[in-house]
Structure formats: structure tokens, C-alpha cells
Amino acid sequence: MAWTNSSGNPFRLYRNTERGILAGVCAGIADYLGIEPIVVRLATVLGLIFFSFPTIVAYIALAILLKPKPPALFRNGDEERFWRGVSTAPADTFQSLKRKFGELEDRLRQMEGQVASGDFDLHRKFREIDR
């Protein structure tokens with residue numbers, strides 16, 4: 001079972017200590033944004049060069065405040081992509097789910113039409129004769 005926050009969405013900002021170098025803050029931010037950790041690390045180094053004190057304070061605060069990423073947060077990559085989509089574009093996710101349920105409803109309607117048709121009864125009676 002995936003570890004979820006109060007909204008039920010397990011996709012949130014965590015420290016990724018498995019891929020992290022110091023405390024996993026940069027790797028966690030990279031996971032959340034869906035980019036490579038090296039990009040966030042380079043931005044952090046640039047922040048250290050130009051804004052040393054605020055960058056250090058922000059990094060320490062995030063290292064203390066962020067929970068470490070649970071080892072089994074998602075069952076598979078599809079589930080992770082789904083929750084990432086819910087977080088980044090909820091309207092698109094809703095439209096996608098609505099379309100999938102519509103397709104399933106159409107398939108179910110077709111199956112019901114086949115089962116409820118007179119031909120289905122006729123084919124069933126022929127199969128009973130063969131036995």
C-alpha cells in the first residue's frame with residue numbers, strides 16, 4: 001500500500017536520501033519536478049555563489065522540514081506517472097479518466113447489446129443441441 005498524505009495523493013515533496021549527496025534535498029526537488037538531480041544541484045551551487053546565506057538557510061530548513069521519501073511510495077511507474085499528473089495537471093487527469101470511463105461504458109453497452117440480442121439466444125440453443 002502506498003504511503004499517502006491527507007489528500008490521498010502520495011506525490012509530494014520528499015527528501016530523496018537514496019539519490020541524495022548531502023541530505024537528499026536536491027534529489028527530492030528533482031524528483032518532484034521530474035528533472036535530473038544535477039540540474040537542481042547546479043542551481044543550488046549557483047545560489048551558493050550569488051546568494052550564500054539565503055541558500056544555506058533554505059537548504060537546512062528543507063533538510064529539517066521535509067520527510068524522507070518512503071521506499072515503496074508507488075507500486076510501479078504507471079502509478080507514479082498518474083499521481084504526478086494529478087498533482088501537476090488535475091484537469092487533464094480528470095478529462096483522461098472521464099474519457100477512459102466513457103470508452104469502458106461504450107464497450108459494456110456493446111457487450112450488453114450482444115447478450116440481450118435474439119442471436120445470442122439462438123447461438124446458446126445451438127450449443128445446447130450439440131451437447
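The values are calculated or read from the model by the stated rules, or taken from the named source; none is laboratory data. From a predicted model like this one, the values you see are computed outputs, not experimental measurements. Cβ coordinates were reconstructed from backbone atoms using ideal geometry, including for glycine residues, and neighbour counts include every protein chain displayed. Only protein heavy atoms, including side chains, enter the accessible area calculation; ligands, DNA and RNA are left aside. Shrake-Rupley method; radii C 1.70, N 1.55, O 1.52, S 1.80 Å.
Could you name the aspartates and glutamates in cross-link range of K98, using Cα to Cα under 14 Å and dropping any fewer than eight places away on the same chain?
Within the straight-line limit of under 14 Å, K98 reaches these aspartates and glutamates: D106.
When all protein chains stay in place, what accessible area (Å², nearest 10, 1.4 Å probe) is found for T17?
In the full protein context, T17 sits at about 80 Å².
Which value, in Å² rounded to 10, gives the accessible area of E18 with a 1.4 Å probe and all protein chains present?
Probe radius 1.4 Å; accessible area of E18 about 150 Å².
How large is ³J(HN,Hα), in whole Hz, for each residue of the range 108-123 in order, when computed from phi with the Karplus curve 6.51 cos²θ - 1.76 cosθ + 1.60 and θ = phi - 60°, using x for Gly and Pro?
5, 4, 5, 5, 4, x, 5, 5, 7, 6, x, 4, 4, 4, 4, 5
Describe numerically, in nm with one decimal, the distance between label points set 7 Å from Cα along Cα→Cβ at L65 and at D106.
Each label point lies 7 Å from its Cα, and together they span 4.7 nm.
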